[in-house]
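The block underneath contains the structure these notes are about, expressed in structure tokens.
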Amino acid sequence: MKFPMKTLAVAAAFAFAAGAYAQAKKDEKKAEPAKPAADAKKDESQISGGIVKIGVLNDQSSLYADLGGQGSVVAVKMAIADFKAKEKGLNVEVIFADHQNKPDVGSQIASKWIDAEGVDMIIDTPNSGVALAVNQVVRDKKKVFINSGAASSDLTGAKCSPNTVHWTYDTWMLANGTGSAIVKRGGDTWFFLTADYAFGHALERDTEAVVLKAGGKVVGKVRHPLNTQDFSSFLLQAQSSKAKIVGLANAGGDTSNSIKQAAEFGIVKGGQNLAGLLVFLTDVHALGLDKAQGLILTNTFYWDQNDASRAFTKRFAAANGGKYPTMVHAGVYAGTLHYLKAVAALKSDDGTEVVAQMKKMPTDDPLFGKGTIRVDGRKIHQAYLMEVKKPSESKGPYDYYKVLATIPADQAFRPLKDGGCELVK
Amino acid sequence: MGQLLIGLINGSFYALLSLGLAVIFGLLNIINFTHGAQYMMGAFAAYFLLNKLGMNYWWALVVAPLAVGATGVVIERFMLSKLYKLDHLYGLLLTFGLALIIEGVFRNEFGSAGLPYSMPSALEGGHNLGFMFLPNYRAWVIGASLVVCIGTWLLIEKTKLGAYLRAATENPKMVEAFGVNVPRMITLTYGFGVGLAALAGVFAAPIYQVSPQMGSSLIIVVFAVVVIGGMGSILGAVITGFGLGVIEGLTKVFYPEASNTVIFVIMAIVLMIRPQGLFGQR
């Protein structure tokens with residue numbers, strides 16, 4: 001024992017530094033305290049604390065971090081800059097945190113943000129389990145929740161709230177876009193590979209309904225834990241089911257792992273086809289075109305649609321380490337923009353009033369074009385049925401999709417009366 | 001039947017990883033929490049060797065473990081070696097911290113969605129065995145890891161080098177007195193264990209996405225395997241690795257929702273009945 005104290009100190013310091021590293025990454029932006037409420041009196045408008053504070057709550061470190069994550073923070077900052085908030089006299093701040101895909105962590109952060117840090121609006125929040133928990137917190141505290149990343153159609157159905165806007169996509173849309181297109185092409189027997197939590201269950205339920213309605217049959221399903229590495233067992237079950245279509249009701253890393261391993265087991269060569277019910281640009285990027293080619297998917301935003309989306313993408317990629325935006329990032333940008341317009345119009349950041357104002361005003365942004373927000377909180381816009389290109393068809397980085405069909409806005413989402421939302425009279 | 005085989009293939013990953021852990025714990029008394037990150041580094045090393053240096057999979061099988069093993073040597077030399085005289089806990093904290101740092105750095109650099117790595121063309125395709133479709137690559141993995149596992153076991157149990165190693169952990173002063181450079185031997189042992197993790201990473205790269213969190217999702221399971229097998233028991237680690245792979249595979253058929261937890265249930269039962277693990281000595 002030469003230097004026991006020294007080694008001990010080094011070891012302890014190292015461990016602490018390491019542990020603190022991950023936390024510090026998450027907390028980086030939390031340090032700025034909200035201005036004291038006294039400032040509000042000086043302010044003539046009804047902005048609480050004089051600051052409009054936006055909290056980006058999503059997965060910053062695990063399987064959904066690329067499709068949302070830091071990219072969503074970039075998108076919010078771009079929206080604030082494009083809105084020219086400063087010139088319009090709005091003082092807007094952004095903070096972010098990692099919900100770790102745990103509903104309890106997510107709702108705890110949301111509560112803390114709203115109660116102690118003066119957060120007025122929470123945005124993004126992929127993972128339907130977390131989203132439904134945050135949905136309840138925001139409703140109780142009468143703030144604003146704009147969801148872009150989560151898919152569960154329950155957010156505007158059974159669990160709809162006067163404080164929530166569901167922007168980008170949902171399970172009903174995915175099911176009807178991809179599901180019905182595939183049944184029409186002859187894929188009438190299905191086997192589901194479903195992520196075992198709120199999102200997977202909702203997507204499976206909505207897709208099954210579409211398949212049955214179109215005269216198809218579901219011959220089996222298997223539910224796998226979230227963030228599974230090895231799908232071989234499940235794929236073997238899918239294979240022996242002899243279903244024509246293996247429907248992947250999962251997302252992010254789960255989807256890319258199941259597609260990659262399906263190729264290995266010769267699922268497609270054996271005559272079965274994969275239906276990626278929720279596939280993001282980042283998933284295709286991670287798989288590579290030779291594995292992903294031919295996949296049919298439904299999307300509401302693609303970077304290479306028009307000049308506005310390409311211009312946005314150029315700026316976004318420059319700020320996001322060269323990575324292109326997913327539809328989740330686009331929804332976060334557009335949602336923030338519309339939120340700020342409503343706050344400016346009302347001169348107030350009162351949650352329930354702002355959401356009512358957001359529904360009153362038509363939406364208009366460079367990424368989704370003109371649209372509306374329905375009384376149940378559903379943002380309405382077009383969707384696109386897309387196919388992943390062959391490697392030979394792709395001309396450059398992220399040139400991955402071709403559009404098979406455009407689903408008009410009035411058909412893309414669940415009819416208002418079918419959702420069972422209490423706000424619909 | 002097919003599911004049993006699949007279970008064995010997953011088991012071969014568990015066995016390979018827990019083998020490295022068991023070697024490191026058995027001979028160094030270090031609970032190496034960095035093992036998952038080192039497995040991930042092996043997969044990334046294979047990716048870089050292919051895309052930056054044009055080295056194919058077969059070269060990666062040799063070069064990646066050596067490269068990652070070398071980082072292990074550095075870690076042992078400059079960090080772990082300062083901790084041997086302290087409680088186990090310090091080694092655990094250090095390696096756990098290192099794992100967080102390594103994973104964080106890789107995540108910041110490469111994102112979380114993962115990177116593509118193609119299968120070597122010689123091993124593409126597969127055979128229809130009648131009861132299941134067996135991809136060639138998986139057959140190769142199961143065979144190769146069996147060879148590595150048996151080889152390592154022979155090396156430690158049956159050779160002179162292995163005898164020195166085992167003696168050095170019992171009584172380092174005595175072995176040193178015979179003219180053996182014990183610190184260097186320990187350094188190389190750690191490097192070897194880390195190399196085994198990296199080798200498993202290269203095996204995994206064509207099957208799973210090469211992603212920063214691929215290690216953290218496996219490491220807990222692998223620790224359970226080591227605990228069930230008996231800490232430090234090499235034979236225990238290998239046999240339990242394969243066995244638990246099979247049990248997990250069967251759970252995926254009969255009650256898939258529990259496939260993530262079944263290993264821990266078994267761990268709890270084993271620890272209740274036989275606290276030292278199935279093959280542990282006390």
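The values are calculated or read from the model by the stated rules, or taken from the named source; none is laboratory data. Fair warning: this is a prediction, and the values are worked out from it, not measured in the lab. Every residue, glycine among them, receives a Cβ derived from its backbone with ideal geometry; neighbour counts consider all protein chains shown. All accessible areas refer to the heavy atoms of the entire protein, side chains included, with ligands and DNA or RNA removed. Shrake-Rupley method; radii C 1.70, N 1.55, O 1.52, S 1.80 Å.
Here are some notes:
- In segment B:3-26, the residues that are under 10 Å from B:Val238 (Cα atoms) form Cβ pairs under 7 Å with partners that are outside any helix (DSSP H, G or I), at six or more places apart or across chains, as follows: B:Ala22/B:Gly232; B:Ala22/B:Ser233.
- B:Ala258 being under 23 Å from A:Leu226 (Cβ atoms), away from chain A (no Cβ under 14 Å) and over 17 Å from the mean Cα position of the chain (by Cα): no
- Lone unmet requirement of (1) within 29 Å of A:Ile47 (Cβ to Cβ); (2) open to solvent by 10 Å² or more (accessible area, probe 1.4 Å); (3) assigned to a helix (DSSP H, G or I); (4) touching an Asp or Glu at 6+ places or on another chain (Cβ under 6 Å) for A:Thr282: (1)
- Segments classed as helices (runs of 4 or more DSSP H), wholly inside segment B:134-199, with at least 2 members that are touching a Leu at 6+ places or on another chain (Cβ under 6 Å) and more than 23 Å from B:His35 (Cα to Cα): B:136-158
- Test for B:Gly236: is it under 28 Å from A:Leu63 (Cβ atoms), part of a helix (DSSP H, G or I) and either open to solvent by less than 10 Å² (accessible area, probe 1.4 Å) or out of contact with any helix residue (DSSP H, G or I) (no Cβ under 6 Å at 6 or more places or on another chain) (or both): no
- A:Ala262 more than 10 Å from every other protein chain (Cβ to nearest Cβ), open to solvent by less than 10 Å² (accessible area, probe 1.4 Å), assigned to a helix (DSSP H, G or I) and touching a Leu at 6+ places or on another chain (Cβ under 8 Å): yes
- Of all residues in segment B:43-94, those that are of a type in the set (S, T, N, Q) and over 29 Å from B:Gly232 (Cβ atoms) total 2.
- Here segment A:285-329 is the region considered, the condition is being within 14 Å of chain B (Cβ to nearest Cβ), out of contact with any strand residue (DSSP E or B) (no Cβ under 8 Å at 6 or more places or on another chain) and buried (at least 24 other Cβ atoms within 10 Å of the Cβ), and the residue that is farthest from A:Asn147 (Cα to Cα) is A:Leu287.
- The listed residues are B:Gly249, B:Gly215, and the only one of them that is within 9 Å of another protein chain (Cβ to nearest Cβ) and open to solvent by less than 20 Å² (accessible area, probe 1.4 Å) turns out to be B:Gly249.
- Residues in segment B:1-29 that are closer than 22 Å to B:Leu155 by Cβ, open to solvent by 10 Å² or more (accessible area, probe 1.4 Å) and within 14 Å of chain A (Cβ to nearest Cβ): 1 in all.
- Tally of residues being open to solvent by 10 Å² or more (accessible area, probe 1.4 Å), of a type in the set (A, V, I, L, M) and part of a strand (DSSP E or B) across segment A:374-402: 2
- Qualifying residue in segment B:44-61 (condition: crowded, with 24+ Cβ neighbours inside 10 Å and closer than 25 Å to B:Pro183 by Cα): no
- Given (1) within 12 Å of the chain's Cα centre (by Cα); (2) open to solvent by 10 Å² or more (accessible area, probe 1.4 Å); (3) of a type in the set (Ser, Thr, Tyr), number of the condition B:Thr71 does not satisfy: (1)
- Considering segment A:151-252, the qualifying strands (runs of 3 or more DSSP E), each wholly inside and each with 1 or more residues that are surrounded by fewer than 19 Cβ atoms within 10 Å (Cβ to Cβ), run over A:189-195, A:217-224.
- Here B:Tyr84 meets each of (1) at pLDDT 90 or above; (2) of a type in the set (Ser, Thr, Tyr); (3) open to solvent by 70 Å² or more (accessible area, probe 1.4 Å) with one exception, condition (1).
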